[in-house]
1. Is the stretch 191-202 home to any residue that is β-branched (Val, Ile, Thr), within 30 Å of Thr112 (Cα to Cα) and open to solvent by less than 20 Å² (accessible area, probe 1.4 Å)?
2. List the residue pairs whose Cβ atoms are under 9 Å apart, where the first residue sits in the stretch 93-109 and is closer than 16 Å to Glu173 by Cα and outside any strand (DSSP E or B), the second is of a type in the set (Asp, Glu) and open to solvent by less than 90 Å² (accessible area, probe 1.4 Å), and the two are 6 or more positions apart or on different chains.
3. Out of all the residues in the stretch 216-270, which are in a helix (DSSP H, G or I) and either touching a strand residue (DSSP E or B) at 6+ places or on another chain (Cβ under 6 Å) or open to solvent by less than 20 Å² (accessible area, probe 1.4 Å) (or both)?
4. Thr138 fails exactly one of the following numbered conditions: (1) touching a strand residue (DSSP E or B) at 6+ places or on another chain (Cβ under 6 Å); (2) within 22 Å of Glu251 (Cβ to Cβ); (3) of a type in the set (S, T, N, Q). What is the number of that condition?
5. Under the condition of being among the polar types (S, T, N, Q) and not in a helix (DSSP H, G or I), which residue from the stretch 5-45 is nearest to Leu368 (Cα to Cα)?
6. Looking only at the stretch 159-206, count every residue that is closer than 25 Å to Asp268 by Cα and either in contact with a strand residue (DSSP E or B) (Cβ under 7 Å, 6 or more places away or on another chain) or of a type in the set (Ser, Thr, Tyr) (or both) and tell me the total.
7. Out of the stretch 40-61, which residues are open to solvent by 50 Å² or more (accessible area, probe 1.4 Å) and of a type in the set (Ser, Thr, Tyr)?
8. Could you go through the stretch 138-160 and let me know if any residue there is out of contact with any helix residue (DSSP H, G or I) (no Cβ under 8 Å at 6 or more places or on another chain), of a type outside the set (S, T, N, Q) and over 30 Å from Arg7 (Cβ atoms).
Amino acid sequence: MPPLIFRKGLDLKHEVAATLAESYHSELVASIKEHDYRYQSGRLTIHLAREFGFCYGVDRAVDYAYQTRKRFPDRPVVLTGEIIHNPHVNDQLRAQGIRFLTDPGESLDALTPDDVVILPAFGVTIELLEQLDRRGCTMVDTTCGSVLNVWKNVKRYAADGFTSVIHGKYWHEETRATASQAWHGGNGHYLVVLNREEAGQACSYIRHGGDRTVFLETFQHATSPGFDPDRDLQRIGCANQTTMLSSESLEIGEMFREAINARYGSADLTGRFRAFDTICSATQDRQDAVAALLERQRLDLMIVIGGYNSSNTCNLARMCEPRLPTFHIAEPDGLVSALEIRHKPVGAREERLSTGWLPRGGPVTVGLTSGASTPDNLVGIVVRRLDDLANHA
């Protein structure tokens, strides 16, 4: 018998709704939204971006995880990895007895048909799905619909003989899963480019050729098995990790279009280049809301809340950093005091402790947003903490 796979919930949405609201909702945030996304207290004014926090895909994934625990109270429930990139949410799931295969001491080899395995919002590779299938595990699939849309496009590219050029992070769970869809069974090839610089290297090779060995060393972790740049960059289709910076993805797509056009001419362009904008709508909405906030309000600083490994959160901070002092914090306790803040600077590898982040004396206006995997209750705690530090520290 094939394993049981739940892809549309477990019919327990109403049974877990109160628990989810208690764990992640914020009355304070709801009130701020009703007051034009503005909070004022003493010398402090906070402006919330008009789109922030949990997106539909994240909300659905967390909902399914709670439903799974409710549906299978006496069976082991396991996540293949973080369900979303937010430490608070993942710790809440661990507290319910849900195990993570990425935690110390856990192993895929130990899974049995008695285990219920939750697939995260990012999706999983085809190889991992096949391993779980062979082990007979019951699976609950929370893969986001926006991710499935990217998979549909890269599979179409492969079927038509196009190499998928994926704008993303080759180490990210979503990009690994998308790459496996492009490659599956050796039916297609892929190249992952992180940024404009890497895209520029690939485009230069398309235009002028180059040293094949150097190219393969440069992209050794970001290409499909057996990738040959002389063969596999002749026909390309662009896609992206859904949480990348939209403007950068569009620019990278144009770079590849121009390179193909320069090498093969406009007559061959439609037969050698394809592109689909696969940035998810929630990611785009949050980026647009931050851009609007920066244009609309005079701000002294920006606080961005979300996991340090959350791509969409990091990109919100990237948008703000050139404009004003920006602090990406993972949790409310990153606001250590009115003098110190624990945050991850844009482009830095590690968290650091900085001083002098909050202006002393006189009015202070703070912009605030959060990534798509950050629940409203954490935003509410940050608002309270900012109020306390600005007015009572």
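1. no
2. These pairs meet every condition: Thr102/Glu82.
3. Matches in the stretch 216-270: Pro229, Asp232, Ser246, Glu248, Ser249, Ile252, Gly253, Phe256, Arg257, Ala259, Ile260.
4. If we test Thr138 against (1) touching a strand residue (DSSP E or B) at 6+ places or on another chain (Cβ under 6 Å); (2) within 22 Å of Glu251 (Cβ to Cβ); (3) of a type in the set (S, T, N, Q), just (2) comes out false.
5. Out of the qualifying residues, it is Thr45.
6. Counting residues in the stretch 159-206 that are closer than 25 Å to Asp268 by Cα and either in contact with a strand residue (DSSP E or B) (Cβ under 7 Å, 6 or more places away or on another chain) or of a type in the set (Ser, Thr, Tyr) (or both) gives 18.
7. Once the filter is applied, which keeps residues that are open to solvent by 50 Å² or more (accessible area, probe 1.4 Å) and of a type in the set (Ser, Thr, Tyr), the stretch 40-61 yields only Tyr56.
8. Looking through the stretch 138-160, none of the residues is out of contact with any helix residue (DSSP H, G or I) (no Cβ under 8 Å at 6 or more places or on another chain), of a type outside the set (S, T, N, Q) and over 30 Å from Arg7 (Cβ atoms).
The values are calculated or read from the model by the stated rules, or taken from the named source; none is laboratory data. Please read these numbers as outputs of a predicted model, since none were measured by experiment. When we count neighbours, we look across all protein chains shown, and the Cβ atoms used for this are built from the backbone with ideal geometry, even at glycine. These area figures cover heavy atoms from the full protein model, side chains too; ligands, DNA and RNA do not enter into them. Shrake-Rupley method; radii C 1.70, N 1.55, O 1.52, S 1.80 Å.
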